[in-house]
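Participant: Shown below is the structure under consideration.
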Amino acid sequence: MATDMDEAAAGLFDSGGKALPEAWRDTTGALAAGEIGRLVYSYSIVGVRSRAVCSVLSGLDLAFTGAKSRIAAWLAECATRGFRVSDTGTVMLGADAKTSGSLADQLNRASMITTELTAALEDATVADQRAAQALTGIGLTELNINGEGDINADDLELHRDRILPEGVDTGLEIIRKTMPLDDSPTVQSTWWDGLSGTQRDMYLKTVPLEIAGMAGISVAVRRHLSEPERGYDRLKLLEFARDHWDDTSIDWTHTDSNCTNFVSQAFEHAGLEQKGKPGFLWRWDEDEWGHARKKFLFFDFGDDYSNSWGGAQQQHDFFVSQRAQIIDPVNARPGDILYVTNEGTTGEIHHTALVTGVLPNGDILYTQHSDSAQNLSWNGRLPYTHVQGGTQGVQIVRVTETW
């Protein structure tokens, strides 16, 4: 439904960047243009609401899958030990309980499993209730209908800027709620081992920092997430994005555009080495990426930056020239760069952000600076940007240090 609504809106809008085709702006077409405008915003709002609902349900699906695996792992241990589980979830010693270990040890283990089963069921219940609350809220969002009954751009922006992010945030919250984040390393390891390979991959893409932060997760899993062979630590990259997405202290003061500067700083924090240094008159070559203190005699002029440090197109071109991979968006992973292009005009890249998650339904989440936002939905925001600002595209780039 979301795709159908997006396509309907795009078909009515002039995708060259104007609100409506000029053909509808003459006197005789004014009424028709007004009605089409209302339809466009209505279609777009339905599309955004549908995507917000998908984000919540996608999170709930993975949360239930994780909770089910968590419960199944404990039930499997009960079967191995010969424990009996009552209808209320209480674990007791069965008639054929294994005799290994003391009776006290077995009773303690049974009590611990009872606690874990109860916690898993309670977490799943809370997640279900939170999802229901969020879905109700999406459906009850009021439209700012004016005296003439118009649904306008303000309503669409409300859904894009508030309802859509709330859907994503709720989906992520639900997933985290059913993870054993605060349990012992043994409990965490048991939960992880009970997941299928596909389920583990979903968690690694959706909540990588939470997985890496669990003491019961193996060093091999953390290494898979950090990928040190690329010349930097992708987990530190994600940590920087999480900690500084709204941090104005890292901004350049001479411009309001800091999106690419933010990404460069994230890579520097993650350990990616600079390439080159300024030459005569502090000029940087096109195949260089970095910054340096600009000093002359006793004068300090502050930091000087290569064009590739803060320019979206220049940064993209630098990394690609250094054999960075251009990735199909369906294969995007946290730590990749998301570049937004004006494909409908010059194809120029005009915005840079970091991929910080991928929902189980494939929706790419990105974090940006200028305007600062965390875990935005690319699938949800693209149709709005596509219609309002002309045809937009995306390139996903995966950086490897080759210099």
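Only the coordinates and a few stated rules stand behind these numbers; no lab work does. Note that this is a predicted model, so its numbers are computed, not measured. Here the Cβ positions follow ideal geometry from the backbone for every residue, glycine too, while neighbour counts run over all protein chains shown.
Participant: For segment 228-292, which GluC sites (Glu not before Pro) are in a loop by DSSP, counting at most 15 other Cβ atoms within 10 Å?
Facilitator: Passing both the DSSP loop test and the Cβ count: GLU273, GLU286.
Participant: Under 19 Å Cα to Cα from LYS277, which aspartates and glutamates show up? Leave out anything in the same chain fewer than 8 places away.
Facilitator: GLU268, ASP285, GLU286, ASP287, GLU288, ASP300, ASP303, ASP304, ASP317, GLU401
Participant: When the C-alpha atoms of segment 63-220 are aligned to their principal axes, what extent does each axis show, in angstrom, from largest down?
Facilitator: Extents along the principal axes, in whole Å: 78, 38, 22.
Participant: Which whole-angstrom value gives the distance between the alpha carbon centres of segment 301-323 and segment 197-264?
Facilitator: 20 Å
Participant: Another one. Could you line up PHE267, PHE83 from fewest to most neighbouring Cβ atoms inside 10 Å?
Facilitator: PHE83, PHE267
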